[in-house]
Structures are given as structure tokens and as C-alpha cells.
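**Student:** For reference, the structure I am asking about is given below.
The values are calculated or read from the model by the stated rules, or taken from the named source; none is laboratory data. Fair warning: this is a prediction, and the values are worked out from it, not measured in the lab. Heads up, the Cβs are rebuilt from the backbone with ideal geometry, glycines too, and the neighbour counts pull from every protein chain shown.
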């Protein structure tokens, strides 16, 4: 086998992931306006399941009632049947695949430009955040997911509590990391109690906020160490996407955390080097391991080539490779790599056309798909990709 590390299994609480390629969460815009699973969404995930990936984190599922359109939701029992159908279809497409869902509470936005901040929550409202995560976890288990990921990265509620940007003065914020971690830990412990000791539960954090006065590796290594101590089954490392440096939106538009420098750091563009965030997972993994924990560390961020992915694992800079845009572009990336067909991989152009569509609340597709496709063709070969995208990558 060309990539022995990449295609070695990993077992979390008795659940075996067949390889170390992990599809990280990405919004699709393929739900109904009110967040219900659609046939088009199922089609997208069946296509990705067939490609040989070891685990997929279904896009972030919103845990509270929301007016935000076309976001997957898990905020009430009415969403469970659709999620159950989605999981069953993915499992039928790939019986070895392990399927997870990311549960997330976002900060509310308005077209006036207003955005909710963690300082806006009253202390007596915080237990409700814990309760909503617990309710979402119960629905995720009822739908048949193999694991759950709690979203604590980017510009959402729990990540914003963790961040140095949090200036609360009630014991849940300020300069004390212990205070800023209090609510995220309460959520984690409540969800762990709900799912039990035999169900994998991971967290996704920012390795760096990449904004002022956001958190840096000095904070994220300590955050990761604490969650390893609490028994998190994996720590997925991302970065950026903060409101603090977002561009002032045009009139009639909500603020967009992807618009500033931190947003561009979350999803590195083609001018950034491949493996932009590996230094974050490397430092976090070393800190966690030196503390005596073997918690798997997942890294994502412009990892496009199987040789590069294998090198990251071989050098001990991460334990699992997170792919998002690369698998949106070519879901068959894993099976092509495993079979030695690297040259047949349709390579992500790192143009962020997909993420710009998300910011416009449009369906998220890859610029390299032929016209009219909402999922990658089957089969999909470089000669089928749109010439404009190939030219942009070369430039």
C-alpha cells in the first residue's frame, strides 16, 4: 500500500474508523429553507460516502430555532426522520464508513449589521445552551449517527466563549481561561453524560483565532489538553473565521466572519502553502501527548495531495487528516489514493468559490464541477473539470 499511515484504522470507544481520512463539516445549502433533509442533500452525501473516506461529519446541525435559511437543523424532533434517512442512505453506500454530526449553536445576525455577542447572554440563560446541546445529542443518537462532534471553533457560541475576545465579567469570560472554558466544559460534560461511555464524542476548536484580541496557540494548547483530560475522543483543529475582523457589510446584509483576514485563514486560498495549519496540530498534539494523553488530533486546511497527507501522519504532526474542500471537489480522493491512481484525483483549486456561495446563502458546489452538477460526477476525472478552474489553480 502506498500510504500505510493514511489507510490504517483508528478505534474510538470501540468504534473503528477504517482509515484516517476524515471529511470535516461543511455547509451545503442543500436543505430546505427551514433546514430539513432533502433528496439532493442525501445525493451529495451518498456520493461522498462512495469515495472511500473513513469518516464523515455531516454539516453543522443548528440546535436552536433559527430563521437562518438552508442550514441543516436538529433543533426539534421533527428533524429526526430526515436525519435518520440520511444516515441510512450513507451507510448503505459504504458500510464501513463512520458517520457523525456536528452540533452547533450560532450567534444571531441581522441584516441591519447587528450581531449577537457572548456578552449579550444573561448568566441565567447559559443553562439553556447546555440543555439545547443535550437535546441535540439525543436526537443525533436517535437518528443513528456513529459519533457526535461539538462545534467549538470559528465564530459560534462556544468558540466565542473560549476566545480571548470574550469579555464577560460573571465568571464565564475575561482574562481567565478557566472562566472562558466553563460553559464549553459544562456542555461537553452534559453531552458525555447523555451519550454514555461507549459513544465517541469529539470537539472542534480553533488552534488560532487569527484576529485581535483572539486566542493563539498559547490558549488552544491548554484548551486541547483540558478536553483530552476530560476524555474527548478526538480534537479537530481548525482556525480563524471570526467576526472581530469581518468587513463592514453592505447595507441590508449581515456581517460575514469569512470576509476578513481570519476568515481567509480558516480556509486557506491558493496563494497560501499547502498544510497551512499543520503547525497548529503539531503543537497541540505535542502538548496533549506530553501530558500523557493519546487523544487523536485531526488537522485540516489545504491538504490536497495524498503524499502530503501521509507525510503529516508519518512525522507525527497529526493523527487523522481532515479534508473538506478536497472531498467536495473529488469525493473519490481516498479510493484513488488507495489504489495508486493519484493522477486521477481532481485537485481542489483552493479558490474558495464554494465558501463564497455559502456566504451568499446559495447552494455550495465546486467550481470544477461541470455545469449543472450539484455533486461531483461519477466518475470524475481531471479532463472533466471546468478549464477555468484548472487555469486558476495553475496561476
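**Student:** Being farther than 30 Å from residue 253 by Cα and without any contact (Cβ under 8 Å) to a residue 40 or more places away in the chain is the filter here, so list the residues in the range 346-369 that pass it.
**Tutor:** Correct list: 346 only.
**Student:** Is there a residue in the range 13-29 that is touching a residue at least 40 places away in the same chain (Cβ under 8 Å), over 30 Å from residue 228 (Cα atoms) and crowded, with 24+ Cβ neighbours inside 10 Å?
**Tutor:** Taking every residue of the range 13-29 in turn, at least one turns out to be touching a residue at least 40 places away in the same chain (Cβ under 8 Å), over 30 Å from residue 228 (Cα atoms) and crowded, with 24+ Cβ neighbours inside 10 Å.
**Student:** Across the range 309-325, what is the number of residues that are out of contact with any strand residue (DSSP E or B) (no Cβ under 9 Å at 6 or more places or on another chain) and on the phi < 0 side of the Ramachandran plot?
**Tutor:** 4
**Student:** Surrounded by fewer than 21 Cβ atoms within 10 Å (Cβ to Cβ) and not in a helix (DSSP H, G or I): does that describe residue 84?
**Tutor:** Answer is no for this residue.
**Student:** Continuing with this model, one more query. Could you pull out every one of the helices (runs of 4 or more DSSP H) wholly within the range 293-395 that has 1 or more residues that are buried (at least 16 other Cβ atoms within 10 Å of the Cβ), modelled with pLDDT under 95 and more than 18 Å from the chain's Cα centre (by Cα)?
**Tutor:** 387-394
**Student:** With respect to residue 8, determine if the residue is in contact (Cβ under 8 Å) with a residue 12 or more places away in the chain, part of a loop (DSSP other than H, G, I, E, B) and surrounded by fewer than 20 Cβ atoms within 10 Å (Cβ to Cβ).
**Tutor:** Criteria met by residue 8.
**Student:** Here's a follow-up. I'm trying to understand the selection: among the residues of the range 220-263, which are over 24 Å from residue 22 (Cβ atoms) and in contact with a strand residue (DSSP E or B) (Cβ under 8 Å, 6 or more places away or on another chain)?
**Tutor:** 243, 254, 255
**Student:** OK, next. Mind checking which residues of the range 205-258 are without any contact (Cβ under 8 Å) to a residue 60 or more places away in the chain, part of a loop (DSSP other than H, G, I, E, B) and within 17 Å of the chain's Cα centre (by Cα)?
**Tutor:** Of everything in the range 205-258, just one residue is without any contact (Cβ under 8 Å) to a residue 60 or more places away in the chain, part of a loop (DSSP other than H, G, I, E, B) and within 17 Å of the chain's Cα centre (by Cα), namely 209.
**Student:** Does residue 113 count as assigned to a loop (DSSP other than H, G, I, E, B) and more than 23 Å from residue 218 (Cα to Cα)?
**Tutor:** Considered against the rule, which asks whether it is assigned to a loop (DSSP other than H, G, I, E, B) and more than 23 Å from residue 218 (Cα to Cα), residue 113 comes out as yes.
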